[in-house]
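Quick notes on the structure that follows.
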Amino acid sequence: RLTTISLERVVDSTNMMAMREIHQQNIISGRLYLAEYQAAGKGRRGRTWVSPFAKNLYFSLVWRFTQGAAALEGLSLVVGLALVKALSSLGVSRVQVKWPNDLLVDSKKLAGILLEMHGDASGECQVVIGVGVNVAMPAQSEEGIGQPWTDLQRLTNGDISRNQLMSEVLNHLVPELDRFSEHGFAVFREEWQQVHAFQNETVRLMLGSKEIVGECQGVDDRGALMVRHGGVVEHFHAGEISVRRQ
Ligand code: BTN
């Protein structure tokens with residue numbers, strides 16, 4: 001459950017704030033960090049998350065899991081699905097997920113998720129669930145982003161406030177995290193595939209310098225991506241893999 005909310009004007013990164021507290025040996029499950037501005041917002045794969053002041057939603061939620069890091073493979077997919085549901089309840093439809101955890105509308109990025117784990121593979125673990133949702137990105141931010149993007153203002157004429165969005169995200173995310181703790185990813189699989197941007201499409205996977213082209217068959221019960229290529233279906237685990245439409 002949610003325990004505390006900390007709202008700051010300026011931070012380096014809400015994920016970094018949360019990680020620092022965890023490293024001070026604090027058990028801070030259920031703490032939500034929100035910021036108006038991130039001077040060093042972090043994206044996946046070492047990228048920067050463009051975080052202009054008071055324009056978008058930037059938050060990190062710390063959640064404690066007891067089943068060990070290995071069982072958390074599907075967590076980022078569950079977070080993505082919870083965001084899709086929250087947006088849909090606010091009237092934003094057509095949002096899709098890109099494995100493992102981007103939110104897209106018409107192939108443009110609306111939100112990103114960055115999970116950071118602290119704990120060991122077999123036992124207790126605290127996860128920082130970092131989420132950035134583009135709400136009203138100023139046009140001049142375009143250069144820093146480096147990929148096609150959209151925001152809620154462009155999708156809805158600006159009638160969704162950041163407060164409303166944060167509430168609706170928590171209303172969906174908290175129960176889904178509990179359901180995931182109890183049942184694992186398998187119970188989310190069908191629903192996730194229904195909003196999967198690349199379901200049954202030809203995709204190109206980049207694994208370091210290696211490239212694989214195949215038919216994307218969705219995800220397995222643990223959340224690994226299934227791609228048919230060369231006559232076999234291979235299961236890919238998140239990490240340093242990126243996937244795009246062929
Ligand atoms: C990605 O798609 O690359 C992940 C982006 C995650 C951005 C959020 S914004 C709040 C939290 N704090 C950070 O520094 N990053 C995450």
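The values are calculated or read from the model by the stated rules, or taken from the named source; none is laboratory data. This one's a predicted model, so the numbers in the text were calculated from it and none came from an experiment. Glycine also receives a Cβ, built like all others from the backbone with ideal geometry; neighbour counts cover every protein chain displayed.
Assorted remarks:
- Tally of residues being crowded, with 19+ Cβ neighbours inside 10 Å, aliphatic (A, V, I, L, M) and within 14 Å of the ligand (Cβ to nearest atom) across the range 109-156: 12
- Filter result (hydroxyl-bearing (Ser, Thr, Tyr) and under 25 Å from Phe180 (Cα atoms)) within the range 7-45: Thr14, Ser29, Tyr33
- Taking the range 84-108 as the range and being within 22 Å of Phe236 (Cβ to Cβ) and either among the aliphatic types (A, V, I, L, M) or surrounded by 15 or more Cβ atoms within 10 Å (Cβ to Cβ) (or both) as the test, the residues that pass are Val84, Gln96, Val97, Lys98, Trp99, Pro100, Asn101, Asp102, Leu103, Leu104.
- Scanning the range 61-77 for residues that are at pLDDT 95 or above, among the β-branched types (Val, Ile, Thr) and either closer than 22 Å to Gln96 by Cα or in the same structural domain as Glu21 (by TED's automatic domain parsing) (or both) turns up at least one hit.
- Any hit, the range 192-199, residues being of a type in the set (S, T, N, Q) and not in a helix (DSSP H, G or I): yes
- Taken together, the criteria exclude Val174 from residues that are crowded, with 18+ Cβ neighbours inside 10 Å and touching a residue at least 40 places away in the same chain (Cβ under 8 Å).
- Scanning the range 96-141 for residues being free of Cβ contacts under 8 Å to residues at least 12 places away in the same chain and closer than 21 Å to Arg244 by Cα gives a total of 0.
- Checking each residue in the range 53-63 for being more than 9 Å from the ligand (Cβ to nearest atom), over 13 Å from the mean Cα position of the chain (by Cα) and buried (at least 17 other Cβ atoms within 10 Å of the Cβ) picks out Lys55, Val62, Trp63.
- Among the residues of the range 20-38, those identified as in contact with a strand residue (DSSP E or B) (Cβ under 8 Å, 6 or more places away or on another chain) and more than 10 Å from the ligand (Cβ to nearest atom) are Glu21, Ile22, His23, Ile27, Ile28, Ser29, Gly30, Arg31, Leu32, Glu36, Tyr37.
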